[in-house]
Amino acid sequence: MNTSLPIRAVSPEVCVAPQMTPEAMAEVAALGFRSVVNNRPDFEHGPDQPTNAAVEAAARAAGLEYRFLPVSGGYQSPEEIAAFAQLLRELPKPVLAFCRSGARSTRLFMSATS
């Protein structure tokens, strides 16, 4: 994958990334991703963080499926893990999940697939 985006594969069909911007969604689609999952709550780090609505609008405009599953950075509940696992079953692959650094989405993936 040749990209300037900080994307890391956690499986053949799932990648994770730090905060994605609305502007990045066209490149995400061009890389072949079919779905995006946002695991970061709005305004977690203040008003300069792109909102879910802005990223979702850009993702849908780029032809991507999009889901918002905001979870805390410190703790992901069994219900949130189950919801993420459900998204992985339902969404067209490959999937890109993002949060602040990529670590939370990685933990969700590892928990949802173990």
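Quick rundown of the values:
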read-out	value
SER114 paired with GLN86, simple spin-label distance in nm, labels 7 Å along Cα-to-beta-carbon	2.2 nm
³J(HN,Hα), Karplus 6.51/-1.76/1.60, whole Hz, each residue of the stretch 83-94, x for Gly, Pro	5, 5, 4, 5, 4, 5, 6, 8, 6, x, 9, x
Kirkwood hydrodynamic radius of the chain, Cα pairs, Å	13.8 Å
Prolate/oblate/rounded label for the stretch 63-106 (Cα gyration tensor, a/c 1.5)	oblate
Calculated from backbone phi, Karplus (6.51, -1.76, 1.60) coupling profile of the stretch 60-66 in Hz, x at Gly/Pro	5, 5, 8, x, 9, 6, 8
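Values in this text are rule-based calculations from the coordinates and carry no lab data. For clarity, every value in this text was computed on a predicted model and none was experimentally measured. Note: ideal-geometry Cβ built from the backbone for every residue, glycine included; neighbour counts use all protein chains shown.
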